[in-house]
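Shown next, in structure tokens, is the structure this report addresses.
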Amino acid sequence: MKHGRCLTVLTFVLLCLLTSCSEFPRSADDFYVKSTDGRGILLSKLKGKVVVLNFFTTWCPACQQEIPWFLEVYEKYRNQGLEIIGLSIEQGKENEVISFARSYKMSYPVSIVSPDIISDYGPIEYIPTTFVVNKDGDIVYKHVGGMTPSQLEKVIKPLLGLELD
């Protein structure tokens, strides 16, 4: 019986670590960034929308793979209250990030973020790392690694008031 209880507790702790269950929900730290096309983005102005914050780099294979999937989900749900913001952690590489965003036809805003923003949402130890912010401005989900459209939809659809398939 003792070993069974230890195994149960260990399993729970591992699940919490893998899913970050103790971290969320929590209020999303507000930030202002300029997108690669010159528009200003203030996170608090997006209250009332479901916001996906995707921390990425241009050289990351998983990031490159998930961007077309994010674009697919963005086009499908943007008129229903979804916003996606691509947040490159590559300071000092504005030209590369702009070129990358153009080559991937990223229709959602893309910005290079400061170390302060990375710290506010971090530690961000692996990329891509994606946060989902609900309409009230609370982070309700964090995913480390690439996300498929179905994984992203499972998180955002209920937040948008839509039924899961």
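The values are calculated or read from the model by the stated rules, or taken from the named source; none is laboratory data. Not measured: the values here are computed from a predicted model. Please note: Cβ atoms are built from the backbone with ideal geometry, for glycine as well, and neighbour counts cover all protein chains shown.
The residues of segment 46-77 that are touching an Asp or Glu at 6+ places or on another chain (Cβ under 9 Å) and either at positive phi or not aliphatic (A, V, I, L, M) (or both), listed by number, are LYS47, GLY48, LYS49, ASN54, PHE56, THR57, THR58, TRP59, TYR74, LYS76, TYR77.
Look at (1) surrounded by 12 or more Cβ atoms within 10 Å (Cβ to Cβ); (2) touching a Cys at 6+ places or on another chain (Cβ under 8 Å); (3) at pLDDT below 90; (4) among the polar types (S, T, N, Q) and you find that SER22 fails only one, number (1).
Yes or no: segment 90-99 includes at least one residue that is in contact with a strand residue (DSSP E or B) (Cβ under 8 Å, 6 or more places away or on another chain), of a type in the set (S, T, N, Q) and at pLDDT 95 or above. Checking segment 90-99: not a single residue is in contact with a strand residue (DSSP E or B) (Cβ under 8 Å, 6 or more places away or on another chain), of a type in the set (S, T, N, Q) and at pLDDT 95 or above.
So is LEU7 out of contact with any Gly (no Cβ under 9 Å at 6 or more places or on another chain), of a type outside the set (Phe, Trp, Tyr), modelled with pLDDT under 85 and closer than 22 Å to VAL155 by Cα or not? Lay out the reasoning, then the answer.
Working: out of contact with any Gly (no Cβ under 9 Å at 6 or more places or on another chain): yes; of a type outside the set (Phe, Trp, Tyr): yes; modelled with pLDDT under 85: yes; closer than 22 Å to VAL155 by Cα: no.
So LEU7 fails the test.
Scanning segment 74-96 for residues that are part of a helix (DSSP H, G or I) and either buried (at least 23 other Cβ atoms within 10 Å of the Cβ) or among the aromatic types (Phe, Trp, Tyr) (or both) turns up TYR74, TYR77.
Considering only residues that are surrounded by fewer than 16 Cβ atoms within 10 Å (Cβ to Cβ) and out of contact with any helix residue (DSSP H, G or I) (no Cβ under 9 Å at 6 or more places or on another chain), look in segment 152-165 and name the one that is nearest to LYS45 (Cα to Cα). Ranking the qualifying residues of segment 152-165, first place goes to PRO158.
Restricting attention to segment 127-151, and to residues there that are under 21 Å from SER44 (Cα atoms), touching a Phe, Trp or Tyr at 6+ places or on another chain (Cβ under 6 Å) and among the hydrophobic types (A, V, I, L, M, F, W, C), which single residue is surrounded by the fewest Cβ atoms within 10 Å (Cβ to Cβ)? Filtering first and then ranking leaves VAL140. Report yes if ILE112 is of a type in the set (Val, Ile, Thr) and touching a Ser or Thr at 6+ places or on another chain (Cβ under 7 Å), otherwise no. Yes; evaluated as a whole, the condition is true for this residue.
So, in segment 58-73, how many residues would count as being of a type in the set (Asp, Glu) and surrounded by 20 or more Cβ atoms within 10 Å (Cβ to Cβ)?
1
Among residues of segment 88-108 that are touching a residue at least 40 places away in the same chain (Cβ under 8 Å) and on the phi > 0 side of the Ramachandran plot, none has a beta-carbon under 8 Å from a residue that is surrounded by 14 or more Cβ atoms within 10 Å (Cβ to Cβ) and charged (D, E, K, R) at least six positions away or on a different chain. Filtered by the rule that a residue be hydroxyl-bearing (Ser, Thr, Tyr) and out of contact with any helix residue (DSSP H, G or I) (no Cβ under 6 Å at 6 or more places or on another chain), segment 58-88 gives TYR74, TYR77.
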